[in-house]
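See below for the structure under consideration.
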Amino acid sequence: MKQKKSFSLFARTAMMLLVMMLTATTAQAQFGNLIGGLKKAKETVDEVNKKRNGDIEFTRGGTVQGFFRTRTGEFILDKTHPDGERKGKKVIFKVEKNGDVVYDDGRTVGQVLSDGTVNFHGEEGYLHVQKDGSVMMDGEKVAYINDNGQVYIYDVLIGTAKGLDKKYAALLYLGIYHNKESLAKSKVELAEVKRKQEAEAKRQQELAAQRRQQAAQNASKSSGNSSNTQKVREYTIEKGSARGYVDENGVVYNGSHTKLGQLPKGSGDITDATGHRIGTVWSGDIKDSSGNLLCTVSSGGSIAVKGSNATVAEVKANGRIDMSKDSKTLGYCNCNNYIWTAAIIFCDLFRF
């Protein structure tokens, strides 16, 4: 009898412990769901506030440097004051409705006029922005701002502020971030950058001509060997010392023409040589097999990554991918498909 009572007590104790564990697990799960819900809610609120305030992000070297709040006319820089009364607070320049540019200490430091004149650094007529986006300083064209918000200083892409008034973009990039002395120094540095870019462009033109010639030779050989079989068009892949091909059906090969995988002709799965899914494409988003976003490719070939709307790389018309930050070339795939090129070169899903 004593043994039965001990067993009954043990059973009741075990049951109580089990109930406590299940209750704790449920509470923990509910708490986790609550935290996740709060994070999503915060993200949603932040997005709504950005739209309501008309926030326009601006970048330099491919990195977001702050935003322009259209509702208040404020440039809010990621840079903070190192000391003084506003120590630790973000640096802000505000463009008033009358065109006055006011620093966050209350001083009027410049003016933006409707005719494109920008007064800054204590100088009247510091800049003049023309209707075509050219920016003049002392009669010299020092910059150009296109309709996509891309800012070129001495013909070199410096940053992007899509949707920002060109006069305000000139104020930001050539006034807030520069003065005449720093621009003169940059002119020498950017001339060398431009020289290297032009040399690289020439090299790519020569490579493209070689690839076209090789493709023509391959097509001729194929026609001679199998006159009844239509040759599928192929495009050369180059990444570092690696070479490969992708054909017009999205089949990817290495340099030995061994199949590596398959790309979709639109949205769909990206697979390896055995047919296993290694990624997906959907509305410009390229994800890995776990659903993690690798990058987003715009219709114009701009590449962005998770956590930022800024362009980190760009697919050029000739199939070359350049990094925005330092113009470094990652590789080439002249297949006339920005998403395929990004998946192969930028995301490196086929391990070239």
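The values are calculated or read from the model by the stated rules, or taken from the named source; none is laboratory data. Just so you know, these numbers come straight off a predicted model, no measurement behind them. As a convention, Cβ positions derive from the backbone with ideal geometry for all residues, glycine included, and neighbour counts pool all protein chains shown. Please note that ligands, DNA and RNA were not included when accessible areas were found on the heavy atoms of the full protein model with its side chains. Shrake-Rupley method; radii C 1.70, N 1.55, O 1.52, S 1.80 Å.
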Rounded to whole Å², per residue accessible area for the stretch 258-334 with a 1.4 Å probe reads 51
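List the pairs from 166/194; 97/162; 187/239; 79/202 whose alpha-carbon separation is above 28 Å, in the order I gave them. Each step should come with its number before you reach the end.
Working: 166/194 23 Å; 97/162 21 Å; 187/239 32 Å; 79/202 38 Å.
Pairs exceeding the cut-off: 187/239; 79/202.
For the stretch 41-152, calculate the relative contact order in percent as a whole number, restricting contacts to Cα pairs under 8 Å that are 6 or more residues apart.
On the way: 176 pairs, mean separation 10.7, N = 112.
That works out to 10 percent.
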With the 1.4 Å probe rolled over protein heavy atoms, the stretch 119-197 has an accessible area per residue in Å² of 51
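How high is the relative contact order of the stretch 173-294, in percent, counting Cα pairs under 8 Å that sit 6 or more residues apart? Can you show the working numbers first?
Values: 131 pairs, mean separation 10.4, N = 122.
The value is 9 percent.
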By the C-alpha gyration tensor axes a ≥ b ≥ c (rounded if a/c is under 1.5, else prolate when a/b exceeds b/c, else oblate), the shape of the stretch 50-98 is oblate
In the stretch 92-171, the trypsin sites (Lys or Arg not before Pro) that sit in a DSSP loop and have at most 15 other Cβ atoms within 10 Å of their own Cβ are 97, 107, 131
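Give the carbon-plus-sulfur fraction of the accessible surface of the stretch 194-352 in %, rounded to a whole number; probe 1.4 Å, heavy atoms of protein chains only. Mind showing how you got there, number by number?
Numbers: 4020 of 8950 Å².
In the stretch 194-352, the share of accessible area belonging to carbon and sulfur is 45 percent.
When the accessible area of the stretch 38-172 is split by element with a 1.4 Å probe, what percent falls to carbon and sulfur? Intermediate results must be reported in sequence, preceding the final value.
Working: 3670 of 7570 Å².
Reported share for carbon and sulfur atoms: 49 percent.
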For the stretch 72-81, Karplus-derived ³J(HN,Hα) couplings (6.51, -1.76, 1.60; θ = phi - 60°; whole Hz; x for glycine and proline) come out as 10, x, 10, 8, 10, 7, 5, 5, 10, 6
